[in-house]
Structures are given as structure tokens and as C-alpha cells.
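The values are calculated or read from the model by the stated rules, or taken from the named source; none is laboratory data. Computed from a prediction, not measured in an experiment: that's the story for all the values here. In this analysis, Cβ positions are derived from the backbone assuming ideal geometry, glycine residues included, and neighbour counts consider all displayed protein chains.
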Amino acid sequence: MEIQVVQGNIAEIESDCIVINHFEGMTTLSAITASVDEALGGAISRLIASGDFMGKAESSALLYTDGKLPAPRVLIVGLGKAQEYTLHKVRRASALVAKKLAKMDGVKTYATIVQGAGIAGLDVRQASQATAEGTLLAIYQPPQYKRVQKQIGLERCTVVEANPQTLTDVAAGIEQGEKIAREVHTTRTLVSEPPNVLYPVALATRARQMAEEVGLKSTVLGEAAMRELGMNILLAVSQGSANEAQFIILEHTPPGHEEEQPLVLAGKGITFDTGGISLKPGAEMWRMKNDMGGAAAVIGAMEAIARLNLPRRVIGVAACVENMPDGLAFRPADILTGMTGKTTEIISTDAEGRLVLADSLAYVARFNPSAVVDLATLTGAVGVALGKVRAGLFANNPALQEALMGASERSGEKLWPLPMDDEYMESIKSDMAEVKNSGGSGGGVSSSAKFLEHFTEGYAWAHLDIANMVWSDVEKGAETPKGATGFGVRLLVELASAI
Ligand code: BES
Ligand code: MN
Ligand code: ZN
């Protein structure tokens, strides 16, 4: 579906449906709603008086115009109380509209205003961005391997702005939101793809194609190149797989920023995690196709950063490996030496994410980064602690932590700080190597972060454990349908815009 922006009066727009709003508890109608009400001979006033539609958040009512307006339908959406209205609610309301209209066979085109921004005093540009995001995020379709495919019938959404002075802000916000939402879709698709389709080389190929399209510099290291560099901890995880590991590097360097210290984003890209020789139980193993959610978020965010042409040097890396059991697979009790000579003893081959990140964190030191943020579906334990509401945040630098929390609040992709006290290091001390890759039960999220910290190289660093966030079996609000959520893209774009 395309989104276009026009200046005019929504009541006069020809489309299959026009979308207007009402705030809960308001005794008068907003100017636009009032003009539509008048054209409909008071139908909206009567609807509200009947008690059937009160303007509650996430409610809506459909009216037919019977030739009184150019559009045959009016959808009135409830926005909740004006004083509680936020950008997140703009996104949610726009998503509900798109989701609802997508289900109506007779609706191919609709027109909407940026709902409620004026009355609630929201920034027009930001509210427009949230409108485009919500609209597109709601109608995401995962790849379908079916002979008969479901199609979304919506073809066009026209955003109508009455005020010629704010038109450019609306258009800019819509364009920004559209770019971000399309990249969230990229990430969702990568996470959704089955592991036989999206093995490491396939993931690298998609990243490379995307990079070419948007003008990112891309480099992909294969196993020979990684062996040369001594990335033996990462390579050990790949040993049991017939699929070659790939290390993807995407660079966004706007003209004039060549000498700038980059922000580095690093993603865990386990295209399938069987657990290796420390094999996972079978029943839920299929979920481990989403164990590359960190890499997918980094790739989607890099695409968005390039398309938005952010004036900042940003480098994204993704360690793409398949974790399989096999006669060649690495074992519990193996001791591995990584790129910088740091060593680790393997306790569980299922704690593989921290292993591929260990060499990633060593590799990125060469960029002299201003900060490194890694994203990884690292532990089941983070979901025990935080549910599916906030990802876990660990940082060795208060300013970076604050920047991430700010980006989290603004993007609506929520984080929460978790501890990294030195005591957590005790559980991963190894008799034979510097650290072991699993500390046993208790404090498993924090000890996994301490493991990663051991492999950092003195730069400002943060680790986001997103294992609980990349996938949802149920819809998490209309803008996040069930399945792959695309978590991290909006957060990282916001971070890269702010630091
Ligand atoms: N990919 C998993 C973590 C995971 C679990 C992600 C559930 C999403 C849902 C990771 O590689 C893993 O297996 N972690 C182990 C670590 C343990 C062996 C120290 C875990 O959390 O059980
Ligand atoms: Mn694992
Ligand atoms: Zn894993």
C-alpha cells in the first residue's frame, strides 16, 4: 500500500472511506468531525448520544454516507482522553484503522487525517511519523509458502492536512515513518523465514543486496577469512554445521564523516539454534529460527539509517552461524581461544550466542567506535525476568545507557536496565580458561552479560538481550501482529539519530 499526502478538506476527498476521530469525554466535536457530522445531518452526534460510541481508545464506529459525501463510508475512531494522548496512541490508532479497513473487501483506498495531533498538542511531524508507522506496521504480511496466498486489498492511504502551513511537516513525518516501517518489515521477514531458506550465506546475500540498493558499503567474511583473523570462538559454533558461517559488515559513512568515530551495532545471527551437542528439547525447538533476531534488527536498522541518510557514521556487523550437532561439532569442555587471545571453556554448546558475539566484540575494536551496542536473543532467563514487555539492557557506560533509555522511551521499544555487578563474574570463572560460557542457574542473564563484557575492548558498550521480544505468539497491539515483531529497528534508528 502506498501513502500519499494532500492538502485539503477530508470531507471532500473521494475514497472508499474517510477516517476522523473523537476524544473520550469531549462535549463538542473537533472542527473536522463537526463538518462531517453536519454533512451527515447529525449522524455522528446521534451516534455519540446513543452511547454506542464514546471515543474510548481503540474503539471505532463505521457509518455509511448515503451519497451525502463523496466517500461512501466514514470510520470514526476513538482516541481516549485528550490529556492521555501520546505518539504511541497515534501509532496504535492508525494501526487499528489499517487493520480494520484491510479486512473490508469493499475498501481499497481511504483517507485519514493525522488523528488528534492538534487537540492533544503533539508535534505534527512526529505524529505524522507515528501515523505512517502504525498504518504500515499493522498490515505486514510474512512470507507465505502456500499455493494460494492471502493478499491485503488496501492500495492507497491518503493523509489529508487542512493547514497548508503544516503540510511540509506532515509530508516529512510520513516519509520518515514510511521508511522506518518498511525496514521493520525487512527485519520481520528475515526473522520469519525458515532456517532452510535463511542460512548464513542466504542472510548475507540478502544483506548485501539491500546494501547495494541503499548505498551502504558491505563486506562479508567467510570462514577462511575469519580463520585468518583468529575468530576461533565464533568458528567453533559453526563447526557442526554444513552451512558456512558469515560475518556481515555494513558501513554508513555520510560525506564529511569519514574520520568520525562510528556507532557500532552488532547482532547475534544464529540462523538456527539446535543447542548443538547440548541439544535443546524438541517440542519448542522450531522457535530457534528467530535466534538471528539481533542480526535482523541490525540489518533493518542499517537499511533505515541509510535511507534516512542520518548524518552520522554507523557500522553494523552480524555474526551469522548455524548451531548444529554433528560429528565435527564443538563439545562441552572444549577450550577455545578467540581473536584477541582471550580464552573460554565451553560448559554448554547451547550458550552459543555469547560465543559468536565474543569474536564480534573483538573484531569491532578496529573501528575505534564511539560506542558499541549488541543485540542478541541471548537467554531464556531474560523473559523470566521481564516477560515480553521490555528487553534487558546492560551497559558499562552511564551516558550510553541514558541514550538507550531515551531512545527506548521515544520509540516505544522498551528496555530496562539489569545489573552487571562484579560478583556475577564469580559464576563464570573457569579453572582452566579465563571464563566459562555458562554459570549454571541463578543470575543467568547477568552472567551472560559479564561474559560479553570480558570480550569488549575498552570502548563504551551496551548489550540488549532481546530474546523475549523478537517473536510473539499473540498480537501485541495492532501495530505488532503475531509472529516476528521487528523489535530493535525503531530503537536503533532513534539511538543513531540522537548520539
Ligand atoms: N537462543 C537461546 C536463547 C533463547 C531461549 C532465545 C528462548 C529465545 C527463547 C540461547 O542460545 C540459549 O540457548 N541460551 C541458553 C543459555 C544457557 C545454556 C546458559 C538458555 O537461555 O537456556
Ligand atoms: Mn543456544
Ligand atoms: Zn541461541
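For this structure, a couple of remarks:
- Exactly one residue out of 486, 412 is modelled with pLDDT under 95 and either within 29 Å of residue 339 (Cβ to Cβ) or not polar (S, T, N, Q) (or both): that is 412.
- Among the residues making up the range 446-470, those that are more than 15 Å from ligand 2 (Cβ to nearest atom) and either in a loop (DSSP other than H, G, I, E, B) or over 26 Å from residue 342 (Cα atoms) (or both) are 455, 456, 457, 458, 459, 460, 469.
- Any hit, the range 170-188, residues being under 24 Å from residue 12 (Cβ atoms), surrounded by 20 or more Cβ atoms within 10 Å (Cβ to Cβ) and of a type outside the set (A, V, I, L, M, F, W, C): yes
- Residues located in the range 25-83, provided they are out of contact with any Asp or Glu (no Cβ under 8 Å at 6 or more places or on another chain), under 27 Å from residue 127 (Cα atoms) and assigned to a strand (DSSP E or B): 60, 62, 63, 74, 75, 76, 77
- Candidate set: the range 241-271, residues that are over 18 Å from residue 497 (Cβ atoms) and of a type in the set (Val, Ile, Thr); chosen: the one nearest to ligand 2 (Cβ to nearest atom): 270
- Which listed residue is assigned by TED's automatic domain parsing to the domain that holds residue 10 and not in a loop (DSSP other than H, G, I, E, B), from 137, 154: 137
- All positions within the range 13-42 that are surrounded by fewer than 19 Cβ atoms within 10 Å (Cβ to Cβ) and either of a type in the set (Phe, Trp, Tyr) or more than 25 Å from residue 91 (Cα to Cα) (or both): 38, 39, 41, 42
- Among residues of the range 426-446 that are within 19 Å of residue 377 (Cβ to Cβ) and within 11 Å of ligand 1 (Cβ to nearest atom), those with a Cβ under 7 angstrom from a residue that is outside any loop (DSSP other than H, G, I, E, B) and among the polar types (S, T, N, Q), sequence gap 6+ or separate chain, pair up as 437/344; 439/447.
- The range 13-26 residues that are without any contact (Cβ under 8 Å) to a residue 60 or more places away in the chain, paired with ones that are assigned to a loop (DSSP other than H, G, I, E, B) (beta carbon under 6 Å, 6 or more apart): 14/70; 22/55; 24/54; 24/55; 24/56; 24/80; 24/81; 25/81
- Any hit, the range 317-325, residues being surrounded by fewer than 24 Cβ atoms within 10 Å (Cβ to Cβ), at pLDDT 95 or above and within 16 Å of ligand 3 (Cβ to nearest atom): yes
- Residue in the range 433-440 that is basic (Lys, Arg), buried (at least 19 other Cβ atoms within 10 Å of the Cβ), not in a loop (DSSP other than H, G, I, E, B) and not assigned by TED's automatic domain parsing to the domain that holds residue 137 present: yes
- Residue in the range 270-285 that is surrounded by the fewest Cβ atoms within 10 Å (Cβ to Cβ), counting only those that are near ligand 3 (Cβ under 10 Å from one of its atoms) and touching a residue at least 60 places away in the same chain (Cβ under 8 Å): 280
- Test: residue in the range 293-306 that is more than 25 Å from residue 467 (Cα to Cα) and at pLDDT 95 or above: yes
- Taken as a whole, the range 372-384 holds no residue that is part of a loop (DSSP other than H, G, I, E, B), among the β-branched types (Val, Ile, Thr) and closer than 24 Å to residue 177 by Cα.
- Lone qualifier among 262, 311, 281 - being over 26 Å from the mean Cα position of the chain (by Cα) and at negative phi: 281
- Residue 300 within 21 Å of the chain's Cα centre (by Cα), touching a residue at least 24 places away in the same chain (Cβ under 8 Å), within 16 Å of ligand 1 (Cβ to nearest atom) and assigned by TED's automatic domain parsing to the domain that holds residue 458: no
- Close pairs from the range 73-90: first at positive phi, partner modelled with pLDDT of 95 or more and surrounded by fewer than 19 Cβ atoms within 10 Å (Cβ to Cβ), Cβ under 8 Å, at least 6 apart: 80/24; 80/56; 80/57; 80/58
- Within the range 334-372, being of a type in the set (Ser, Thr, Tyr) and either surrounded by fewer than 20 Cβ atoms within 10 Å (Cβ to Cβ) or more than 25 Å from the chain's Cα centre (by Cα) (or both) holds for 337, 340, 343, 344, 348, 349, 370.
- Under the condition of being within 24 Å of the chain's Cα centre (by Cα) and either within 13 Å of ligand 1 (Cβ to nearest atom) or farther than 24 Å from residue 430 by Cβ (or both), the residues counted in the range 453-473 number 12.
- Residue under evaluation residue 495, criteria (1) outside any strand (DSSP E or B); (2) within 13 Å of the chain's Cα centre (by Cα); (3) under 19 Å from residue 389 (Cα atoms); (4) among the hydrophobic types (A, V, I, L, M, F, W, C), criterion not met: (3)
- The set of residues from the range 94-129 being in a helix (DSSP H, G or I) and in contact with a Phe, Trp or Tyr (Cβ under 9 Å, 6 or more places away or on another chain) comprises 97, 98, 101, 117, 119, 120.
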